[in-house]
Amino acid sequence: MEKVPQNMPVWRSMAVRSPESTHSRLPRPLARVNVHAPMRPSWACVGCGAQWPCRTRRNQLLAEFDRAPVSLALFMGRFFMDAAQDLKTEVAYVLYQRFMGWLKEQPRA
């Protein structure tokens, strides 16, 4: 595992703390992380309250899975299946468009 240089800020998607936190030994950039994760069973975004995956999370996923569209589709497929179990009253087509449909809209590199 590579060591991170001392002067490089480390961003962790799930490490959120308040600027007033008593944990001063943690790097300051952690205070600015906004988590866009799904809140189950409603599947609303924890970070912004929109339906998950929200626009911000979609952009993050596109950057994270750059040049790996099949991996992104498999990753989102897992969430689609979980959401289908939680949101039983939702129309399948609507759920599919929400979790998978936006992947087709992306330009191919």
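Laboratory data are not the source of any read-out in this text; all were calculated from the coordinates shown. This one's a predicted model, so the numbers in the text were calculated from it and none came from an experiment. Counting neighbours? That spans all protein chains shown, and the Cβs are built from the backbone with ideal geometry, glycine included.
A few comments on the model shown:
- Shape of region 42-100, Cα gyration tensor, a/c cut at 1.5: oblate
- Within the shell defined by Cβ-Cβ distances under 13 Å, the residues around Phe79 carry a net charge of +3, with Lys and Arg each +1 and Asp and Glu each -1.
- Cα→Cβ-extended label distance, 7 Å offset, between Gln97 and Ala73, nm: 2.0 nm
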